[in-house]
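Below you'll find the structure, written out as structure tokens, and then a few comments.
The values are calculated or read from the model by the stated rules, or taken from the named source; none is laboratory data. Please read these numbers as outputs of a predicted model, since none were measured by experiment. Don't worry about glycine lacking a Cβ; one is built from the backbone with ideal geometry, like all the others, and counts go over all protein chains shown. The protein model used for the area step is the full one, side chains on, heavy atoms only, and it has no ligands, DNA or RNA in it. Shrake-Rupley method; radii C 1.70, N 1.55, O 1.52, S 1.80 Å.
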Amino acid sequence: MKLWIKLCVLFSVVSAFGQRPTITGNLDTVPADGLYLIPISHSVLSYAQSNLNDFRIWDATGQQVPYFIHPTRAYSRTTVSNFSAFNILSNSRVGDSSSVYIFKNPKATLTEAVLSIANYQGNKGYQLAGSYDTKQWYGLVNNGLLQDLNHADATSVYKVIQFPKCDYPYLKLVFDDAQSLPINLLNIGTASAEMVNLVPVDKEVLPLGSISYTEQDKSTQIQIRFTEPEVVNQITMAITSPELYSRQAKVYTLREREVNHVMETYTNVITSFEIRSDAPLVFDIPMLKTKELYIEIENKDNPKLVIPQIQLLQTPKYVVAHLNAKQAYTFSAGDPELQAPEYDLSEVAQTQTRALPVVRMRSLTTVTPEKPQTEPISLWQQPWFMWCCIGIAAAIILYYAFHLIKDLNTKAG
């Protein structure tokens, strides 16, 4: 009996998952050939695998368009003023493995330096060391990384490297050239620097299906539901009263498990945090994909918090693809059986960290696979009919067996 129950449950789960709709849509047309950044809509992430293994882009002929998943970070550019160059004492190459620059520190102490670098496609690792005599060197930065080394309008970029406060009169900057070509370092100095975000990472506000508040056991229970499962990365709140507060809160989901052959519901805590009137009401949570979410706030003997607004946000995901001008492209996701595609585009284009033009998704449509049509089953092919026949046959056999035993006993007596 237990085996039959488990098989029925498994069949139900497989059937439900197999009927999960896929999602399709179109991409906006692009004005010129080139690489484009494609933000993945939260609606697509609701149906797609969490690692986007099942995401595909198609051209008008039905051929796959290669892409790669882009790191989620802001593109930034450094602008400087009042640049003052340091004295570069030496510039040398060590085989094909590194480039070494030794420069003099004109200040009593130093915490950063500004590098002027000719445009370079890719990233560059570096190390920084200090010395009092240019003979014995002491480490300051072991695994530094320069990114976004390509200016869209000029032929060079400024990059600020920061390091622990030091008083070394000599500094040595070593670039790792073992796996990449050397960069052209034009100058090293100090300046008034400012970081300007070209493409900020703006989290997407998720649409809520419903939200409800319950007060019990000196706590506020907030239940949030989505129409479809959503990937949640952050929670923000607006609190109007009381004026001063400090409360403990936790985020959790409800799950089921089998204990002693009985299914029970338990609380699965995702994270906890403190809600304070003197701190931002923005809370990062571990990535969670769910259709229902709970927030519990401990009030103790304090008045409840008045929370007129709660927003759940999602960190965007991006892919980069090479698209042709005025061509039609579609995309699809939601097939749990697909494996991650293998495109060589990522090998040659992923190092290009400049700000890319953005192309948006539109006309999203969910498609539920049609259930296969089956021919009607005859009466004698129905399972219940078979079991009825077996039951009747068993009853007849038992009836004759009982009377046969009764007759034998009568004759023996």
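Do we have ILE57 as under 30 Å from LEU27 (Cα atoms), open to solvent by 60 Å² or more (accessible area, probe 1.4 Å), in contact with a Ser or Thr (Cβ under 9 Å, 6 or more places away or on another chain) and not polar (S, T, N, Q) here?
So ILE57 fails the test.
Does any residue of the stretch 284-292 turn out to be farther than 18 Å from ILE211 by Cβ, of a type in the set (S, T, N, Q) and surrounded by 11 or more Cβ atoms within 10 Å (Cβ to Cβ)?
No, there is no match, as no residue in the stretch 284-292 is farther than 18 Å from ILE211 by Cβ, of a type in the set (S, T, N, Q) and surrounded by 11 or more Cβ atoms within 10 Å (Cβ to Cβ).
Report every pair of residues separated by at least 6 positions or lying on different chains whose Cβ atoms are under 8 Å apart, first residue within the stretch 37-52 and more than 12 Å from HIS70 (Cα to Cα), second open to solvent by 10 Å² or more (accessible area, probe 1.4 Å) and among the polar types (S, T, N, Q).
Filtered contacts from the stretch 37-52: TYR47/THR22; TYR47/THR366.
Could you tell me which of the residues TYR158, TYR126, TYR168, TYR138 is of a type in the set (Ser, Thr, Tyr) and part of a loop (DSSP other than H, G, I, E, B)?
Only one candidate qualifies: TYR168.
Among the residues that make up the stretch 254-273, is at least one of them touching a residue at least 40 places away in the same chain (Cβ under 8 Å) and either surrounded by 12 or more Cβ atoms within 10 Å (Cβ to Cβ) or polar (S, T, N, Q) (or both)?
Yes.
Checking LYS371 against (1) open to solvent by less than 60 Å² (accessible area, probe 1.4 Å); (2) at pLDDT below 90; (3) in a loop (DSSP other than H, G, I, E, B), which test does it fail?
Failed condition: (1).
Kindly evaluate SER50 against the criterion of being within 15 Å of ARG360 (Cα to Cα) and open to solvent by 30 Å² or more (accessible area, probe 1.4 Å).
No: the conditions fail for SER50.
Taking the residues in the stretch 70-92 that are at pLDDT 90 or above and open to solvent by 60 Å² or more (accessible area, probe 1.4 Å) as candidates, determine which candidate is farthest from SER156 (Cα to Cα).
LEU89
Within the stretch 22-65, how many residues turn out to be in a loop (DSSP other than H, G, I, E, B) and either among the β-branched types (Val, Ile, Thr) or within 13 Å of the chain's Cα centre (by Cα) (or both)?
Summing the residues that are in a loop (DSSP other than H, G, I, E, B) and either among the β-branched types (Val, Ile, Thr) or within 13 Å of the chain's Cα centre (by Cα) (or both) in the stretch 22-65 gives 11.
Give the stretch 146-163 a look and list any residue that's open to solvent by 50 Å² or more (accessible area, probe 1.4 Å) and farther than 21 Å from ILE102 by Cβ, or say none.
The answer is GLN147, ASN150, ALA152, ASP153, THR155.
Taking the stretch 164-191 only, how many residues are surrounded by fewer than 17 Cβ atoms within 10 Å (Cβ to Cβ) and within 34 Å of the chain's Cα centre (by Cα)?
Qualifying residue count for the region: 6.
Can you find even one residue in the stretch 10-22 that is surrounded by 15 or more Cβ atoms within 10 Å (Cβ to Cβ) and either at pLDDT below 65 or within 20 Å of THR365 (Cα to Cα) (or both)?
Yes, that holds for at least one residue.
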